[in-house]
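See below for the structure under consideration.
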Amino acid sequence: MKLLIGGSSSKMFHLREFSEMLKKNNIDTKLVLDVKYADGFPSRKMSEWFTTDTKFKKLIQEFKPNLILVDRQRHFALEASKTDIPLVVHLRGNYWKEMEMAKKTLYSSPPKKIAINKWDEIGKKCFKAADRILPICRHLEDVVKNHYPQKSTAVMYQGISAENWFENSGMKLKHPCVGLVQGAVILEKTQELLTLTKVLERMPETTFYWVGDGPYKDNVLPTLKKYDNFKWLGALDYPNKIREFLTEIDVYVLLSGIDMAPLTLLEAQLMKKPVIATNVGGIPELMKHKENGFLIEKGDSGKLIEYLQIIFNDCNKSKNMGDSGRKFVIDNFSWETIAKKFINDVKDLVE
């Protein structure tokens, strides 16, 4: 198998790990930044609006892949769909829900409507042309089947390297403390952070630290900043500063209104932190309720308080949950496991 992977800049760190593991499994793999070889309207760079497909064609001619994997539905995937090479799309989020929300919020103005409609047009062409779609969790696979019932699918979870997640002191926080690491790029996801308001009132001695940034942060920050025991740290360098943050916190909490397979939930468990997360999307697939953490329903501040108190008041339970979480992630989400399943799931496309 000769596999060409076209990835976005934000996922390069993880795609490199995936690529290296594939090579260890004797898969001839080439990883490239997708926009370097294919871009166009509505790219943020106007200079890229009128580019040709020359770079992409040269890449194909030189590497001669017999399978192409993409991690987003953009121009690289569109160019790949025009070839006779099997195309596999790794779908990381609920494309349809996110597109719907984007059109109603950030892309509601006339100029941005043109851009989002073009992205949607490209996305639909990529899905239609894909020989196989690999949703990042079982929950998302059900969503894909609802939109494309005849399309071939297989779940491809996000892999992670356990050796990258070890204790790394350097950050000092006020204890007891709760850490949250999540972006503010999806409105429905971000709004769930407001569940914290009653928790902040009831637990004034506990400090809650939020790491994350994005266009929707101002939908929640003005409310949360009213509480002295809430601190916003903004975005932190990945992975070093995130590792320092996860080393220092006592509990990891993920409050999300919509989510598929949040990587930070895996990272926190590898750092042996007990976790509490909202029971939405693919989150229940990434942890075991009451074994390495707790699941709560959306908006349930009462259960969040109850579970935090259980963790803070029972050191042995907290430690056991942390140890169990690390083992669970290593057993199920190592790159070795993900790569071998991927090879098995796509081998029929190149036979």
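The values are calculated or read from the model by the stated rules, or taken from the named source; none is laboratory data. Because the structure is predicted, anything quoted here is derived from the model rather than measured. All Cβ positions, glycine included, derive from the backbone under ideal geometry; neighbour counts span all protein chains shown. Ligands, DNA and RNA are stripped out before the accessible areas are found, and what is left, the full protein with its side chains, is counted by its heavy atoms. Shrake-Rupley method; radii C 1.70, N 1.55, O 1.52, S 1.80 Å.
Side notes on the structure shown:
- Within segment 272-302, the GluC sites (Glu not before Pro) that combine a DSSP coil assignment with at most 14 other C-beta atoms in a 10 angstrom radius are Glu291, Glu297.
- Among Pro222, Pro42, Pro284, the residue with the largest mean-square fluctuation in a Gaussian network model of the chain, with springs joining Cα atoms closer than 10 Å, is Pro222.
- Computed with a 1.4 Å probe on the full set of protein chains, the accessible area for Glu121 sits at about 80 Å².
- Overall, the chain carries a charge dipole of about 720 debye about its Cα centre when +1 sits on the Cβ of Lys and Arg and -1 on the Cβ of Asp and Glu, all other atoms neutral.
- Selected from His139, His147, His14 as most flexible by GNM, with the chain as the system and alpha-carbon contacts under 10 Å: His147
- Compactness check for the chain: Cα Rg over 2.2 N^0.38 Å is 1.03.
- Among Ile296, Ile330, Ile310: highest mean-square fluctuation, GNM of the chain, C-alpha pairs under 10 Å: Ile310
- Cα-Cα over 30 Å, subset of Lys24/Lys58; Lys2/Lys104; Lys11/Lys347; Lys57/Lys125; Lys64/Lys341; Lys2/Lys36: Lys2/Lys104
- When the GluC sites (Glu not before Pro) in segment 123-178 are filtered for DSSP coil states and for at most 14 other beta-carbon atoms within 10 Å of their beta-carbon, the remaining sites are Glu167.
- Where trypsin sites (Lys or Arg not before Pro) in DSSP loops with at most 13 other Cβ within 10 Å are excluded, longest remaining stretch of the chain: 83-171
- Gained length - Asn313 relative to Ser109, 0.36 nm times residue gap less alpha-carbon distance: 68.4 nm
- Summed over the residues of segment 75-194 and divided among them, the accessible surface reaches 46 Å² per residue at a probe radius of 1.4 Å.
- With the convex hull constructed from alpha-carbon coordinates only, segment 201-264 shows a mean projected area of 5.2 nm² over all directions.
- Between Phe41, Leu286, Val155, the Cα set farthest toward the positive side of the dipole of the chain (charges on each charged residue's Cβ, about the Cα centre) is that of Phe41.
- Cα-centre dipole for segment 278-350 with unit charges at Cβ (Lys and Arg positive, Asp and Glu negative), debye to 20: 140
- Over the chain, DSSP H runs of length four or greater, each weighted -39,500 (n - 2.57), average out per residue to a 222 nm ellipticity of -12500 deg cm²/dmol.
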